[in-house]
Amino acid sequence: MAIRPLQDILKAELGDLLAGEATSFLDLFAEHGVLECPFAPDGAMHQLIGKPAIAAYLKQLGAIQGSGGMELTGSYVTPARDWHVLEYRGLVENRRDGTSYAEQYLAVVRTEDGRITLFREYWNPVPVVASFGPDGPLPLGEVA
Amino acid sequence: MDFPSLIPFTRMVTRALADRLVPTGSEYLDMFHDDAVFDFPFSPGGPVRVEGKAKMAEFLSSIEGGTDFREFSLDASYPMTGDIVVMEYHCRGRDAKSGLPYPQRYVAVLQLRDGRLSLLREYLNPLLNMAITAATKAGA
């Protein structure tokens with residue numbers, strides 16, 4: 001399967017559920033959208049509420065951690081098409097030391113009125129902690 | 001095959017799936033087809049994938065009694081097209097050896113075929129298991 005940026009996978013799987021003009025992952029979110037990471041280490045972000053908070057966090061994270069793109073391994077949707085669950089995997093780059101590790105994901109995605117209102121991304125914290133330390137790439141105390 | 005620690009999980013799944021699940025009995029493995037696949041991508045020692053009930057019975061025998069799961073609570077259930085159900089749930093368990101709490105959170109992909117499960121892919125947070133192992137070694 002092709003390796004693509006996560007936002008391209010989301011656009012392909014969610015299709016007409018997403019308003020057309022979004023160009024970045026952040027753009028796919030509603031203003032009141034929520035980003036969650038349930039398996040994050042205790043000292044790391046578990047929930048961001050609202051697009052401004054998500055934008056600020058992703059900008060800060062981007063300097064520390066990068067993605068080489070994802071490979072979609074599973075895609076499921078409710079009959080009403082309001083919830084998607086996607087499984088994907090990819091390499092994560094530690095921008096501090098240039099090393100990479102393999103990661104696997106399951107995302108629970110809710111869409112309403114053309115935008116993502118909930119993106120709950122489960123990932124394995126073990127390689128994250130091994131690469132970045134016990135609180136991951138962006139410990140809570142360092143979030144701007 | 002009898003795995004008492006899995007009674008709470010079995011209870012949650014059978015109630016959540018209701019009449020979509022027609023198990024052959026009341027045990028955990030009775031919910032599954034003989035050729036079912038059991039997939040645990042975030043298992044603490046590395047990914048675990050077991051094909052078939054017979055092999056799963058062996059795997060379960062090796063870990064039975066390690067955790068008292070006590071109760072599984074369903075947080076959300078998403079019935080998908082193509083006989084897939086995704087579930088988010090948690091337990092308020094206890095590690096049997098150390099007595100330490102085991103408050104684990106899960107998300108799972110289940111696939112149904114003719115009233116029984118053909119796939120269970122369950123994700124959990126292995127940091128919890130590792131913390132208990134470390135605390136146990138440290139003599140906590």
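The values are calculated or read from the model by the stated rules, or taken from the named source; none is laboratory data. All figures in this text were calculated on a predicted structure; none of them were measured in a lab. Every residue, glycine as well, gets a Cβ built from its backbone with ideal geometry; the counts of neighbours run over all protein chains shown.
Can you spot a residue in the range A:1-22 that is in contact with an Asp or Glu (Cβ under 8 Å, 6 or more places away or on another chain), touching a residue at least 24 places away in the same chain (Cβ under 8 Å), small (Gly, Ala, Ser) and surrounded by 14 or more Cβ atoms within 10 Å (Cβ to Cβ)?
Checking the range A:1-22: not a single residue is in contact with an Asp or Glu (Cβ under 8 Å, 6 or more places away or on another chain), touching a residue at least 24 places away in the same chain (Cβ under 8 Å), small (Gly, Ala, Ser) and surrounded by 14 or more Cβ atoms within 10 Å (Cβ to Cβ).
Mind listing just one residue for me: the one in the range B:95-107 that is buried (at least 16 other Cβ atoms within 10 Å of the Cβ) and of a type in the set (D, E, K, R) and, of those, farthest from the other protein chains (Cβ to nearest Cβ)?
Per the criteria, the residue is B:95.
I'd like to know if the range B:73-94 contains one or more residues that are touching a residue at least 40 places away in the same chain (Cβ under 8 Å), of a type in the set (D, E, K, R) and assigned to a strand (DSSP E or B).
no
So residue A:141 ticks every box in (1) outside any strand (DSSP E or B); (2) of a type outside the set (S, T, N, Q); (3) surrounded by 15 or more Cβ atoms within 10 Å (Cβ to Cβ); (4) out of contact with any helix residue (DSSP H, G or I) (no Cβ under 8 Å at 6 or more places or on another chain) but one. Which box is left unticked?
(3)
Conditions (1) out of contact with any strand residue (DSSP E or B) (no Cβ under 7 Å at 6 or more places or on another chain); (2) over 21 Å from residue A:23 (Cα atoms), marked per residue:
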| site | (1), (2) |
| --- | --- |
| A:86 | no, no |
| A:93 | no, yes |
| A:102 | no, yes |
| A:126 | yes, yes |
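Condition check: away from chain B (no Cβ under 14 Å), buried (at least 19 other Cβ atoms within 10 Å of the Cβ) and out of contact with any strand residue (DSSP E or B) (no Cβ under 7 Å at 6 or more places or on another chain). Does residue A:70 satisfy that? Let's see the steps before the verdict.
Working: away from chain B (no Cβ under 14 Å): yes; buried (at least 19 other Cβ atoms within 10 Å of the Cβ): yes; out of contact with any strand residue (DSSP E or B) (no Cβ under 7 Å at 6 or more places or on another chain): no.
Against the criterion (away from chain B (no Cβ under 14 Å), buried (at least 19 other Cβ atoms within 10 Å of the Cβ) and out of contact with any strand residue (DSSP E or B) (no Cβ under 7 Å at 6 or more places or on another chain)), residue A:70 does not qualify.
Anything in the range B:124-140 that is loosely packed, with under 14 Cβ neighbours inside 10 Å and either in contact (Cβ under 8 Å) with a residue 40 or more places away in the chain or hydroxyl-bearing (Ser, Thr, Tyr) (or both)? List them, or say none.
Result: B:140, single match.
Criterion first (surrounded by fewer than 18 Cβ atoms within 10 Å (Cβ to Cβ) and either part of a strand (DSSP E or B) or at pLDDT 95 or above (or both)) does residue A:120 satisfy it?
It is false that residue A:120 is surrounded by fewer than 18 Cβ atoms within 10 Å (Cβ to Cβ) and either part of a strand (DSSP E or B) or at pLDDT 95 or above (or both).
Within the range A:39-50, is even one residue within 20 Å of residue A:13 (Cβ to Cβ), at pLDDT 95 or above, surrounded by 15 or more Cβ atoms within 10 Å (Cβ to Cβ) and more than 10 Å from chain B (Cβ to nearest Cβ)?
No; the residues of the range A:39-50 include none that is within 20 Å of residue A:13 (Cβ to Cβ), at pLDDT 95 or above, surrounded by 15 or more Cβ atoms within 10 Å (Cβ to Cβ) and more than 10 Å from chain B (Cβ to nearest Cβ).
Filter the range B:33-67 down to residues that are more than 14 Å from chain A (Cβ to nearest Cβ) and either part of a strand (DSSP E or B) or in contact with a Cys (Cβ under 9 Å, 6 or more places away or on another chain) (or both), then give me how many there are. Outline the logic, then answer.
So the first thing to find is which residues in the range B:33-67 are more than 14 Å from chain A (Cβ to nearest Cβ), and the list is B:33-36, B:38, B:50-67.
Checking the rest, the ones that are also either part of a strand (DSSP E or B) or in contact with a Cys (Cβ under 9 Å, 6 or more places away or on another chain) (or both) come to B:33-36, B:38, B:50-51, B:67.
Within the range B:33-67, residues that are more than 14 Å from chain A (Cβ to nearest Cβ) and either part of a strand (DSSP E or B) or in contact with a Cys (Cβ under 9 Å, 6 or more places away or on another chain) (or both) number 8.
In this structure, is residue B:70 outside any strand (DSSP E or B) and either of a type in the set (A, V, I, L, M, F, W, C) or touching a strand residue (DSSP E or B) at 6+ places or on another chain (Cβ under 8 Å) (or both)?
Here the answer is yes, as residue B:70 does meet what is asked.
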